[in-house]
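Just so it is clear, none of the values below were taken in a lab; they were calculated from the coordinates. Note that the structure is predicted; figures quoted are calculated from it, not measured. All Cβ positions, even for glycine, are placed from backbone atoms using ideal geometry, and neighbour counts span all protein chains on display.
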Amino acid sequence: MINAKSIKKRIEAAIKKYATARSSKEYSLVPSSLTSGKLYEAHVLSLVLEHLHTDENFRIVLINTNFIPLKSSPGPINPHYPHFDLFRRGQKVAELWTDVEFLTLSYAQRGSSASPTSGDFHELDLVIVDSGISGRPRHENVWLGVECKNTGYNKSLLKEILGIRRELSLLQNQQVTKFSKWPRTSVPAHPPSCLLVYSTDSSVTSYASPGSVFGIDFYHEEI
């Protein structure tokens, strides 16, 4: 049985290790009551922050002015919610958000000025985007998308992530990403966004072969 309280404490301690904030109160990001899926998402967030700090040498700043918890439902970027600013050589270059919907490649290809309909945006559990984005980021604004599955991994979830990749970019020869080491320096996609899947199900790695063609990385990660 998952001890949610101890996991919450461990996750917030990890976030505090890799991100700075103005006040210790800002690190109280994980709500006291969360579904197992959202708790797993917060766990993966702490792992991503570790990689960004250790492998990519980002300076990470937690922005949580109102001391509110992480979002638990999808939507556009809302500046009132917590997020992480990412700095390189003193310059803010990107932001990390949770549960954000991005505008799709197909929406951009239509070239319509009409407001997007429900089929024109999709959620990513974690997303790194260009800094200064408001509302729903466009597909070309995405540096990294992460899907977190605290569940059995199956063929329908594979089809889902392949669909997400298709709406983020077109299959292309290897393109240089925004990263120097982690998670990838290049992807067979344009725009060159990275896309990761984390799952508690060990069978997730059996779906890695089709994903590798499109630059999707699969990780088995327990909580």
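Ratio of Rg to Rh for the range 8-69: 0.96 [Cα atoms; Kirkwood radius as inverse mean 1/r over pairs].
Estimated purely from DSSP H runs of n ≥ 4, each contributing -39500 (n - 2.57), the mean residue ellipticity at 222 nm for the chain is -8500 deg cm²/dmol once divided by its residues. Legend: P(r) of the range 80-189 from all alpha carbon pair distances, 5 Å bins from 0, whole percents, reading 2, 10, 20, 22, 21, 15, 7, 2, 0.
Among the listed pairs K5/K178; K71/K178; K149/K178; K92/K181, a Cα-Cα separation exceeding 28 Å is found for K5/K178.
Order of E41, E147 from fewest to most other C-beta atoms within 10 Å?
The fewest-first ordering by Cβ neighbours comes to E147, E41.
Across the range 199-211, rounded Karplus estimates of 3J(HN,Hα) from the backbone phi angles (6.51 cos²θ - 1.76 cosθ + 1.60, θ = phi - 60°) give 8, 6, 8, 4, 6, 4, 5, 6, 9, 6, 4, x, x Hz, Gly and Pro being marked x. Between E12 and T185, residue separation times 0.36 nm minus the direct Cα-Cα distance comes to 59.4 nm.
Fully extending the segment from S203 to L162 would add 13.1 nm, taking 0.36 nm per residue of separation and subtracting the current Cα-Cα distance. One chain, two ends: F87 and S112. Fully extended at 0.36 nm per residue, the span grows by 5.6 nm beyond their Cα-Cα distance. Report the Stokes-Einstein translational diffusion coefficient (µm² s⁻¹, integer) for the range 1-137, Rh taken as the Kirkwood radius over Cα pairs, at 20 °C with viscosity 1.002 mPa s. In µm²/s, the coefficient rounds to 135.
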